[in-house]
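A short worksheet on the structure shown next.
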Ligand code: NAI
């Protein structure tokens, strides 16, 4: 029987919710492009409840204990004496969400003698050292598409709130003010602007589709070019590289995974090629940008605004400079953890576990590393150092 070690974020400060703002979730029939929703044999939770926090347990306890396995759930994940480190040596499976990642470093791989499977409940497996997973023959899987649309919606929200300067105006209202000049002096229309995405995978393409009705000029770069009919239907301009694309854009949104090709991409050099007053939105991973270069670009006016929900490390320390830099619209890492997304990635996590325990293949599109190689979605979207 297996030990499943699951790292989840803490419950709300006032306790696990007893009621919710809405009753249930809309029913979806599938993902864009035809990929099917998760297909576990059953679920033991009501879609729409909080599953990503410690008491939510991703809805897995009944299933796992019913099958004779052990489930350990903790939020205590960092530092050598953390519960996670203490529980790791005999764990067979590790599960965590990118919002509160269990950083699976090469050192932790050395400690995890029984480890066979790492599941990202969500999307983005950069918190796992993929080279170490390749070396150790550990399978890494994520719930591809489970929260891609959730993030795309967040990106559109953040683009509009930066360009229109929504958050400062909201602050003025809360503080009892009414100076219209104050709230419009940095407020523009998105219409007519040039908007580009770094990567047009599931999230990037969904952002492009959602922005097309705003009458903007759409640009993208990706190591896989989209089919011509998609480019034509959205009137997309493709660029060979990020460096080619960003100088023509008023708004840039980053939607690529963090891997050796993208790490540190947005540093002083690339930022200096952006239009003065451009907006940058990163909901992909923080280390695709250089933390201090972003602060400098906002201070100098090179960037008129920066928003996103990804930080490094997570949780971000109280003195992280992005909390106080000018003209930002940051949130904690939340875009992919709406209650809607949680229902999908919890069901997908169970699907992966069922496949693993029953000796059935995990869906190709969920795989990042398998059998000592990048596989499935991992081979399409990631690279390794070695
Ligand atoms: P996807 O695998 O569908 O798309 C990734 C795209 O990035 C692929 O089209 C790939 O070709 C492209 N790409 C990879 N390296 C590139 C490079 N060097 N230059 C240009 N393009 C490159 O993944 P999806 O669903 O669109 O997610 C993308 C990323 O977004 C995830 O890996 C994760 O880091 C992040 N994410 C963030 C979430 C949040 O809550 N903030 C939630 C879900 C994902």
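Condition (residue is part of a loop (DSSP other than H, G, I, E, B) and either without any contact (Cβ under 8 Å) to a residue 12 or more places away in the chain or away from the ligand (no atom under 16 Å from the Cβ) (or both)) applied to region 296-314: is it met by at least one residue?
Within region 296-314, one or more residues are part of a loop (DSSP other than H, G, I, E, B) and either without any contact (Cβ under 8 Å) to a residue 12 or more places away in the chain or away from the ligand (no atom under 16 Å from the Cβ) (or both).
Only one of (1) in contact (Cβ under 8 Å) with a residue 24 or more places away in the chain; (2) closer than 25 Å to residue 376 by Cα is not met by residue 108, so which one is it?
Failed condition: (1).
State which residue is nearest to the chain's Cα centre (by Cα) when the search covers only region 195-218 and only residues that are surrounded by fewer than 19 Cβ atoms within 10 Å (Cβ to Cβ) and away from the ligand (no atom under 16 Å from the Cβ).
It comes out as 212.
If residue 240 meets every condition in (1) outside any helix (DSSP H, G or I); (2) over 25 Å from the mean Cα position of the chain (by Cα); (3) farther than 25 Å from residue 309 by Cβ apart from one, which number is that one?
So the condition that residue 240 fails would be (2).
For residue 282, are the conditions met, namely being at pLDDT 95 or above, within 16 Å of the ligand (Cβ to nearest atom), closer than 23 Å to residue 152 by Cα and in contact with a strand residue (DSSP E or B) (Cβ under 7 Å, 6 or more places away or on another chain)?
yes
Let me spell it out: the conditions are (1) touching a residue at least 24 places away in the same chain (Cβ under 8 Å); (2) within 14 Å of the ligand (Cβ to nearest atom); (3) closer than 18 Å to residue 336 by Cβ; (4) part of a helix (DSSP H, G or I), and residue 157 meets all of them except one. Which number is the exception?
Of the numbered conditions (1) touching a residue at least 24 places away in the same chain (Cβ under 8 Å); (2) within 14 Å of the ligand (Cβ to nearest atom); (3) closer than 18 Å to residue 336 by Cβ; (4) part of a helix (DSSP H, G or I), the odd one out for residue 157 is (1).
Would region 262-279 turn up any residue that is touching a helix residue (DSSP H, G or I) at 6+ places or on another chain (Cβ under 6 Å), over 28 Å from residue 227 (Cα atoms) and outside any loop (DSSP other than H, G, I, E, B)?
For region 262-279, residues touching a helix residue (DSSP H, G or I) at 6+ places or on another chain (Cβ under 6 Å), over 28 Å from residue 227 (Cα atoms) and outside any loop (DSSP other than H, G, I, E, B): present.
One residue is enough: does region 148-165 have a residue meeting the conditions under 21 Å from residue 73 (Cβ atoms) and crowded, with 21+ Cβ neighbours inside 10 Å?
No, that holds for no residue.
Restricting to region 334-382, give me the number of residues that are closer than 22 Å to residue 47 by Cβ and assigned to a loop (DSSP other than H, G, I, E, B).
Residues that pass the stated criteria total 3.
Got a sec? Which of 227, 260 is within 15 Å of the ligand (Cβ to nearest atom), closer than 27 Å to residue 368 by Cα and free of Cβ contacts under 8 Å to residues at least 12 places away in the same chain?
Working: 260 fails: free of Cβ contacts under 8 Å to residues at least 12 places away in the same chain.
So the residue among 227, 260 that is within 15 Å of the ligand (Cβ to nearest atom), closer than 27 Å to residue 368 by Cα and free of Cβ contacts under 8 Å to residues at least 12 places away in the same chain is 227.
Go through region 194-221 and report how many residues are in contact (Cβ under 8 Å) with a residue 24 or more places away in the chain and out of contact with any helix residue (DSSP H, G or I) (no Cβ under 7 Å at 6 or more places or on another chain).
Total meeting the criteria: 7.
Of the residues 334, 330, only one is in contact with a helix residue (DSSP H, G or I) (Cβ under 9 Å, 6 or more places away or on another chain), within 10 Å of the ligand (Cβ to nearest atom), closer than 24 Å to residue 154 by Cβ and modelled with pLDDT of 95 or more; which?
334
The values are calculated or read from the model by the stated rules, or taken from the named source; none is laboratory data. Just so it is clear, the structure is predicted and the values come from calculations on it, not from any experiment. Here Cβ is always computed from backbone atoms with ideal geometry, including for glycine, and neighbour counts include all displayed protein chains.
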